[in-house]
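Enquirer: Just passing along the structure, written as structure tokens.
The values are calculated or read from the model by the stated rules, or taken from the named source; none is laboratory data. Computed from a predicted model, the values in this text were never measured in an experiment. Cβ: placed from backbone, ideal geometry, glycine included. Neighbour counts: every protein chain shown.
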Amino acid sequence: MTVKTRDRLGASLLLLFVIVLWAQRDYLTPFGGIFPDRVMIIMAFLLVLDLILSFTPYASLKEKEEDKKEEETHFIKMVIVAVLLLLWAGLLRYFGFILSSISAFSIISWFLSERRDLRHLLTSVFVAVVLTYSLVYIFEHLLAVPLPKGTIYE
Amino acid sequence: MKTKVLRILPFLLMVIAVLVIPPGVQAGDYPSKPLTYIVCFNPGGESDLTARIQEKALEKYYGHDVIITYKIGGGGAIGWSELVRSKPDGYTIAGDNLPHIILQPLMRKNAGYNTLDLKQIYIFESTPDILVVHKDSQFKTLQDFIKYAKEHPGVVTVGGSGSNTANHLGTILLEKAAGIKLTYIPFSGSGTAVPALLGKHVTALMTYSTMAVRYKDKFRPLAIASEKRMEVLPDVPTFKELGYNVVEGAYRGVAAPPGTPDHIVNYLADVFDKVMHDPEVIKKMNENGFKIEYMKPAEATAFVKQKMKQYKALLEEMGLIKK
Amino acid sequence: MHLNSKLLDSIEMLEHILGGITNIFTAKNLLLVVAGTVSGMVVGAMPGLTAVMAVALLVPFTYTMDPTSGLVTLGAVYMGCIYGGAFSAILINTPGTPSSIGTTFDGYPMARKGKGEEAIITATIASAFGGIVGVIALIFLSPLLAEVALKFGPAEYFWVGVFGLTIVSSLVTGSFLKGITGAAFGVLISTIGIAPIGGDVRFTFGIPSLQGGVELIVALIGLFCIPEILKMVYNDVKTQEVLGYNKEKGVMWKTLKYVLSRPGNLIRSSIIGTVVGILPGAGGNIANLVAYNEARRASKEPEKFGTGIPDGIVATESANNAVVGGGMIPLVTLGIPGAPPDAIIYGVLMLQGLRPGPELFSERADITFTFMISLGVAAIVMVPVGIYGGRLLTRVVSIVPTRFLVPGIGIFTIIGSYAIRNNFTDVFLMILFGIIGFALRYLGYHPAPIVLGLILGPIMENGLVQTYLIGQKYSVPWLALVVDPLSWILIALCIFSFMWPYFGYLKRFIKLSSTNR
């Protein structure tokens with residue numbers, strides 16, 4: 001992605017966020033909106049300015065300066081890890097800390113191995129189990145920090 | 001390769017077994033498990049302070065451990081909406097707070113709970129509103145204060161803890177009773193308002209009795225919004241004595257999730273009754289400027305209902321809620 | 001009379017300091033300092049794991065501790081982490097934390113020349129020295145500043161917020177426009193939930209649990225930790241080769257003598273670190289580069305910098321550790337984090353019911369002074385740990401493969417975001433923030449301004465609306481924002497920091513036009 005497209009994409013997405021918030025404006029008192037309304041207006045102004053700048057010669061100047069050669073990247077791999085992390089967070093409520101962490105840790109660790117074979121699966125599960133149980137021991141027993149139990153056990 | 005797998009297999013099976021077998025659920029008479037006591041406000045605030053004072057006595061009379069946890073946010077709403085969704089087995093209770101539990105459902109589209117969802121167990125304390133000024137202030141009495149406010153409408157600023165709190169309502173009631181116009185400045189929490197008066201950025205504070213006790217040597221209390229004078233502040237007259245009908249303050253108690261069996265609620269009410277009669281607890285509560293209340297479930301519920309009517313009328317008058 | 005009260009104040013402060021020293025030298029607190037320093041060093045030595053991350057990942061350990069123990073532990077983690085970054089900078093040529101970027105310039109060439117141990121010892125001495133200078137500034141400056149803070153009314157707090165946002169936007173890398181936009185984004189996120197004044201429910205997307213707003217620590221963990229691990233996957237980070245080093249006899253004393261024989265560099269860099277620390281939002285990543293440049297400018301042999309001389313390491317490592325103490329100064333007095341990791345310490349202060357300001361130096365003085373002194377103790381503890389355990393540490397750290405590191409960090413972020421208020425929505429929000437943070441960073445928006453916006457948002461909102469209310473007595477209520485002379489000073493500072501990025505252009509322009517002539 002070029003600097004120009006990044007600029008435009010970023011500004012558009014943030015502008016969308018501001019619009020979504022603006023659509024939710026529903027203040028009961030005259031005070032609730034004083035601050036956020038002004039911030040939204042300022043932010044929208046800055047974003048529009050950024051968008052306009054990306055169409056001027058100034059942007060192509062910047063492009064020459066900053067456009068380095070792209071390194072080899074792994075976009076799909078990253079998206080999968082992000083989704084796995086979201087699943088981990090989402091399943092926490094139902095399966096509890098122990099089960100969800102062991103499975104999520106094992107899957108992510110196995111997925112990131114150089115070779116996805118049985119040996120790497122076993123080491124992944126092993127590390128996941130040891131780490132999860134030690135953390136449960138430290139937090140629940142030593143520090144008295146409660147971790148989620150999971151609703152499926154109730 | 002295969003033998004390696006075989007060697008690890010028993011271990012794996014064990015792990016799976018540990019994971020799948022649910023933690024044992026014990027049946028038996030109430031109470032047989034630790035009690036979870038949710039505090040819905042920041043540590044160091046009045047709710048937390050009370051829970052910490054009660055903790056020891058509570059464990060003694062309850063007979064099992066008491067676990068104090070925090071679910072903070074939304075002026076208490078996060079904790080209370082969590083409570084109404086908890087299992088009504090009597091092992092989860094939360095501290096609750098008037099007028100918050102009444103005003104939030106009235107003023108928010110979806111506060112996450114209804115006032116009467118919270119099953120009142122016991123109301124154990126109140127902190128009356130108290131009007132204080134800085135020690136160096138030109139105002140020596142409430143009369144001075146009101147006289148000045150009459151001559152300068154809107155110039156006198158009164159700080160307090162948040163919007164739609166007992167402090168806010170107390171200020172409004174005073175405005176009405178004395179026929180004056182004040183400017184109420186909300187701060188986030190009673191503690192945050194204190195530096196504002198110390199630095200003289202506001203004229204006065206409408207705060208809780210606890211703060212007046214804690215900052216005795218820096219602030220001058222003008223009047224207290226209780227029915228009778230408080231023992232820890234014997235020299236502070238009530239608004240009523242001075243001819244203004246202002247009685248307002250925060251009440252705190254504990255509540256259980258809706259559907260909690262009555263015998264459990266009554267059992268817990270008895271436990272809290274004993275806690276609040278404990279000499280050690282009484283001593284600490286008084287030292288900190290709390291006024292102890294003894295309202296059992298029926299009485300507490302009736303009190304909440306009565307306050308609901310009163311606040312609703314007041315808010316409608318102020319135009320803050322639609323009829 | 002006036003003198004008398006000053007004297008009384010000094011005596012009181014001396015009492016607090018002594019009290020802090022006695023508090024810290026208990027078995028429990030000393031143990032926590034050592035444990036915190038070592039854990040900080042471990043995380044700091046891992047390339048890509050920053051000091052903010054170290055503090056964010058280890059914050060759940062302190063949830064159930066009493067305020068003193070919790071703060072002491074996190075302070076030590078922070079101090080240790082900044083120092084730990086030097087190991088990977090010197091031995092792998094990858095800064096362990098951005099605060100050690102400058103350390104690679106001379107550290108790695110030294111290690112290549114076989115002077116690894118000398119480089120490590122230099123970094124150790126400089127770090128400890130810088131750390132202690134920062135802490136001394138913290139102990140003696142902040143009580144004074146806290147008194148001044150009492151004079152700050154709502155209008156002043158609003159302007160302090162504006163100042164913080166403009167300065168961080170102009171200091172972070174990338175465009176100023178993007179910096180200030182990111183800050184506005186953070187401010188907007190902070191307005192989610194109940195309005196502090198008025199009590200309106202805002203921007204909750206219909207979700208009741210958003211009434212409580214976005215918990216600061218949850219957003220911090222998400223914004224600082226998740227993007228890092230996603231980046232590891234995205235760039236497919238491989239573990240690097242570590243340069244070994246051998247123990248030599250006498251190197252220790254030789255190095256110590258060399259470093260201390262040139263106190264100018266040490267003191268100058270420590271002061272730079274402290275001052276950069278005090279500036280809101282600017283942390284070790286900026287301080288170490290500024291100090292490096294200044295050291296080169298002041299040196300008699302500037303051409304030797306970058307070839308592997310100890311002076312470069314002295315500059316960067318003393319500056320970045322001085323940031324630790326310096327950055328706490330605005331934190332404990334005004335509630336404004338001086339450097340990004342302080343943002344998390346701020347969250348912990350809030351969690352423990354400790355409000356920044358004069359109260360921390362009167363009613364809560366026992367906690368505050370113990371915490372401040374513990375930072376100094378941590379700086380001292382680093383010396384033996386680093387010199388004797390450093391080799392083992394780098395060995396262990398450099399063999400942790402990415403496939404364990406990624407889910408391993410993940411598990412800590414999940415504990416940290418859940419346990420803070422036992423809320424499942426928070427965990428989900430944390431990951432979501434992380435993904436958004438990663439995307440925004442890719443699109444050119446740095447997380448530091450966003451985070452500062454998150455923290456300063458409520459301060460600014462309270463200040464602005466309270467000022468508006470106080471201003472009801474004027475015909476134009478907003479006049480109250482500018483009536484106080486104290487506000488004028490702050491407004492001048494805002495304008496200055498707002499113009500700052502353009503000074504660079506101006507300087508370049510003048511230079512350009514003069515060389516053209």
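Enquirer: From the list B:A255, B:A225, B:A212, which residue is crowded, with 22+ Cβ neighbours inside 10 Å, within 18 Å of the chain's Cα centre (by Cα) and under 21 Å from B:T301 (Cβ atoms)?
Expert: Working: B:A225 fails: under 21 Å from B:T301 (Cβ atoms); B:A212 fails: under 21 Å from B:T301 (Cβ atoms).
Result of the check over B:A255, B:A225, B:A212: B:A255.
Enquirer: Applying the selection to the stretch B:242-261, what residues are of a type outside the set (K, R), touching a residue at least 12 places away in the same chain (Cβ under 8 Å) and either more than 30 Å from B:T92 (Cα to Cα) or not in a loop (DSSP other than H, G, I, E, B) (or both)? Show your work before the answer.
Expert: Pass one, the stretch B:242-261, residues of a type outside the set (K, R): B:242-251, B:253-261.
The next check asks that each one be touching a residue at least 12 places away in the same chain (Cβ under 8 Å); those that pass are B:242, B:244-251, B:253-261.
Residues satisfying the conditions are B:L242, B:Y244, B:N245, B:V246, B:V247, B:G249, B:A250, B:Y251, B:G253, B:V254, B:A255, B:A256.
Enquirer: So is A:I52 among the hydrophobic types (A, V, I, L, M, F, W, C), modelled with pLDDT under 95, in a helix (DSSP H, G or I) and within 30 Å of A:G10 (Cβ to Cβ) or not?
Expert: On the way: among the hydrophobic types (A, V, I, L, M, F, W, C): yes; modelled with pLDDT under 95: yes; in a helix (DSSP H, G or I): yes; within 30 Å of A:G10 (Cβ to Cβ): yes.
Criteria met by A:I52.
Enquirer: In the stretch A:86-104, what count of residues is obtained for those that are within 10 Å of chain C (Cβ to nearest Cβ) and out of contact with any Ser or Thr (no Cβ under 7 Å at 6 or more places or on another chain)?
Expert: Residues meeting the conditions: 7.
Enquirer: Filtering the stretch B:278-321 down to residues that are polar (S, T, N, Q) and in a helix (DSSP H, G or I), which residue is nearest to B:V232 (Cα to Cα)? Outline the logic, then answer.
Expert: Our first condition is that a residue be polar (S, T, N, Q); within the stretch B:278-321, this holds for B:286, B:288, B:301, B:306, B:310.
So of that shortlist, the ones also in a helix (DSSP H, G or I) come out as B:286, B:301, B:306, B:310.
Details: B:N286: 7, B:T301: 28, B:Q306: 28, B:Q310: 29 Å.
Filtering first and then ranking leaves B:N286.
Enquirer: To continue, here is another question. Just checking, which of B:K284, B:K274, B:K240, B:K309 is under 21 Å from the mean Cα position of the chain (by Cα) and over 26 Å from B:L49 (Cα atoms)? Walk me through how you get there before you give the answer.
Expert: Details: B:K284 fails: over 26 Å from B:L49 (Cα atoms); B:K274 fails: over 26 Å from B:L49 (Cα atoms); B:K240 fails: under 21 Å from the mean Cα position of the chain (by Cα).
Result: B:K309 is the single residue among B:K284, B:K274, B:K240, B:K309 that is under 21 Å from the mean Cα position of the chain (by Cα) and over 26 Å from B:L49 (Cα atoms).
Okay, residues lined up against (1) surrounded by 24 or more Cβ atoms within 10 Å (Cβ to Cβ); (2) modelled with pLDDT of 85 or more; (3) assigned to a helix (DSSP H, G or I):
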site	(1), (2), (3)
C:L58	no, yes, yes
C:S69	no, yes, yes
C:G85	yes, yes, yes
C:P95	yes, no, no
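Enquirer: Looking at C:I136, is it in a helix (DSSP H, G or I), at pLDDT 90 or above and either within 17 Å of the chain's Cα centre (by Cα) or among the small types (G, A, S) (or both)? First the steps, then the outcome.
Expert: Working: in a helix (DSSP H, G or I): yes; at pLDDT 90 or above: yes; either within 17 Å of the chain's Cα centre (by Cα) or among the small types (G, A, S) (or both): yes.
Yes: the conditions hold for C:I136.
Okay, residues lined up against (1) modelled with pLDDT of 80 or more; (2) at positive phi; (3) of a type in the set (F, W, Y); (4) in contact with a His (Cβ under 8 Å, 6 or more places away or on another chain):
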position	(1), (2), (3), (4)
C:Y442	yes, no, yes, no
C:P447	yes, no, no, no
C:G457	yes, no, no, no
C:M460	yes, no, no, no
C:S475	yes, no, no, no
C:V483	yes, no, no, no
C:W488	yes, no, yes, no
C:Y502	no, no, yes, no
C:F509	no, no, yes, no
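Enquirer: Taking the condition more than 17 Å from the chain's Cα centre (by Cα), hydrophobic (A, V, I, L, M, F, W, C) and more than 10 Å from chain C (Cβ to nearest Cβ), does B:A51 pass?
Expert: Numbers: more than 17 Å from the chain's Cα centre (by Cα): no; hydrophobic (A, V, I, L, M, F, W, C): yes; more than 10 Å from chain C (Cβ to nearest Cβ): yes.
When the stated conditions are applied, B:A51 does not pass them.
Enquirer: Right, another one. Please specify each residue of the stretch C:440-451 satisfying the condition of being over 8 Å from C:V187 (Cα atoms) and in a helix (DSSP H, G or I).
Expert: Of all residues in the stretch C:440-451, those over 8 Å from C:V187 (Cα atoms) come to C:440-449, C:451.
Once the filter is applied, which keeps residues that are over 8 Å from C:V187 (Cα atoms) and in a helix (DSSP H, G or I), the stretch C:440-451 yields C:L440, C:R441, C:Y442, C:P447, C:A448, C:P449, C:V451.
Enquirer: Of the residues in the stretch C:386-401, how many are surrounded by 20 or more Cβ atoms within 10 Å (Cβ to Cβ) and either touching a Gly at 6+ places or on another chain (Cβ under 7 Å) or β-branched (V, I, T) (or both)?
Expert: So the count comes out to 2.
Enquirer: Can you tell me how many residues within the stretch C:183-201 are in contact with a Gly (Cβ under 6 Å, 6 or more places away or on another chain) and modelled with pLDDT under 90?
Expert: Total meeting the criteria: 5.
Enquirer: Go through C:G264, C:G281 for me and flag whichever is at pLDDT below 90 and over 26 Å from C:L91 (Cβ atoms).
Expert: Numbers: C:G264 fails: at pLDDT below 90.
Only one candidate qualifies: C:G281.
Quick grid of which residues meet (1) over 15 Å from C:S127 (Cα atoms); (2) of a type in the set (A, V, I, L, M, F, W, C):
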site: C:N235; (1), (2): yes, no
site: C:W253; (1), (2): yes, yes
site: C:L279; (1), (2): yes, yes
site: C:G284; (1), (2): no, no
site: C:A287; (1), (2): no, yes
site: C:R297; (1), (2): yes, no
site: C:K304; (1), (2): yes, no
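Enquirer: Could you tell me how many of the residues in the stretch C:420-439 are at the interface with chain A (Cβ under 8 Å from one of its Cβ atoms) and surrounded by 23 or more Cβ atoms within 10 Å (Cβ to Cβ)?
Expert: Residues meeting the conditions: 4.
Enquirer: Would the stretch C:172-183 turn up any residue that is within 15 Å of C:M460 (Cβ to Cβ), touching a helix residue (DSSP H, G or I) at 6+ places or on another chain (Cβ under 7 Å), surrounded by 23 or more Cβ atoms within 10 Å (Cβ to Cβ) and more than 7 Å from every other protein chain (Cβ to nearest Cβ)? Break it down into steps so the answer makes sense when it comes.
Expert: First, pick out the residues of the stretch C:172-183 that are within 15 Å of C:M460 (Cβ to Cβ): C:180, C:183.
Next cut, touching a helix residue (DSSP H, G or I) at 6+ places or on another chain (Cβ under 7 Å) only: C:180, C:183.
If we keep only those that are surrounded by 23 or more Cβ atoms within 10 Å (Cβ to Cβ) as well, we get C:183.
So of that shortlist, the ones also more than 7 Å from every other protein chain (Cβ to nearest Cβ) come out as C:183.
Yes, because at least one residue in the stretch C:172-183 is within 15 Å of C:M460 (Cβ to Cβ), touching a helix residue (DSSP H, G or I) at 6+ places or on another chain (Cβ under 7 Å), surrounded by 23 or more Cβ atoms within 10 Å (Cβ to Cβ) and more than 7 Å from every other protein chain (Cβ to nearest Cβ).
Enquirer: Could we say that C:L220 is surrounded by fewer than 24 Cβ atoms within 10 Å (Cβ to Cβ), more than 7 Å from every other protein chain (Cβ to nearest Cβ) and within 21 Å of the chain's Cα centre (by Cα) here? Talk me through it step by step, then tell me what you get.
Expert: Working: surrounded by fewer than 24 Cβ atoms within 10 Å (Cβ to Cβ): no; more than 7 Å from every other protein chain (Cβ to nearest Cβ): yes; within 21 Å of the chain's Cα centre (by Cα): yes.
Against the criterion (surrounded by fewer than 24 Cβ atoms within 10 Å (Cβ to Cβ), more than 7 Å from every other protein chain (Cβ to nearest Cβ) and within 21 Å of the chain's Cα centre (by Cα)), C:L220 does not qualify.
Enquirer: To continue, here is another question. From the set of residues in the stretch A:112-154 that are surrounded by fewer than 19 Cβ atoms within 10 Å (Cβ to Cβ) and of a type in the set (S, T, N, Q), which is nearest to the other protein chains (Cβ to nearest Cβ)?
Expert: This residue is A:S113.
Enquirer: What residue, of B:G112, B:G154, is among the small types (G, A, S), surrounded by fewer than 16 Cβ atoms within 10 Å (Cβ to Cβ) and either under 17 Å from the mean Cα position of the chain (by Cα) or within 14 Å of chain C (Cβ to nearest Cβ) (or both)?
Expert: Result: B:G154 is the single residue among B:G112, B:G154 that is among the small types (G, A, S), surrounded by fewer than 16 Cβ atoms within 10 Å (Cβ to Cβ) and either under 17 Å from the mean Cα position of the chain (by Cα) or within 14 Å of chain C (Cβ to nearest Cβ) (or both).
Enquirer: Which of the residues that make up the stretch C:373-425 are under 19 Å from A:I107 (Cβ atoms) and of a type outside the set (A, V, I, L, M, F, W, C)? Can you show your working first?
Expert: Here is the first cut: in the stretch C:373-425, the ones under 19 Å from A:I107 (Cβ atoms) are C:400-415.
Passing the criteria: C:P401, C:T402, C:R403, C:P407, C:G408, C:G410, C:T413.
Enquirer: Suppose we keep only residues that are small (G, A, S) and buried (at least 24 other Cβ atoms within 10 Å of the Cβ) within the stretch B:191-209. Which one would you say is farthest from the other protein chains (Cβ to nearest Cβ)? Steps first, please.
Expert: Initially, the stretch B:191-209 is screened for residues small (G, A, S), giving B:191, B:193, B:196, B:199, B:204, B:209.
Next cut, buried (at least 24 other Cβ atoms within 10 Å of the Cβ) only: B:193, B:204, B:209.
Numbers: B:A193: 10, B:A204: 13, B:S209: 18 Å.
My answer is B:S209.
Enquirer: Here are some residues: C:F412, C:F404. Which one is within 10 Å of chain A (Cβ to nearest Cβ), of a type outside the set (S, T, Y), touching a Pro at 6+ places or on another chain (Cβ under 8 Å) and within 21 Å of C:G40 (Cβ to Cβ)? Before the answer, list the steps.
Expert: Values: C:F404 fails: touching a Pro at 6+ places or on another chain (Cβ under 8 Å).
Unique residue meeting the criteria: C:F412.
Enquirer: If the Cβ limit is 7 Å and pairs must be 6+ apart or interchain, which residue in the stretch C:446-473 that is closer than 28 Å to A:D7 by Cα pairs with which residue that is hydroxyl-bearing (S, T, Y) and assigned to a helix (DSSP H, G or I)?
Expert: C:P449/C:S169; C:G453/C:S190; C:L454/C:S190; C:I455/C:Y346; C:G457/C:S190
Enquirer: Applying the selection to the stretch C:466-480, what residues are part of a helix (DSSP H, G or I) and surrounded by fewer than 24 Cβ atoms within 10 Å (Cβ to Cβ)? Working first, answer last.
Expert: From the stretch C:466-480, those part of a helix (DSSP H, G or I) are C:466-473, C:477-480; that's our starting set.
C:Y468, C:L469, C:G471, C:Q472, C:K473, C:P477, C:W478, C:L479, C:A480, listed by residue number.
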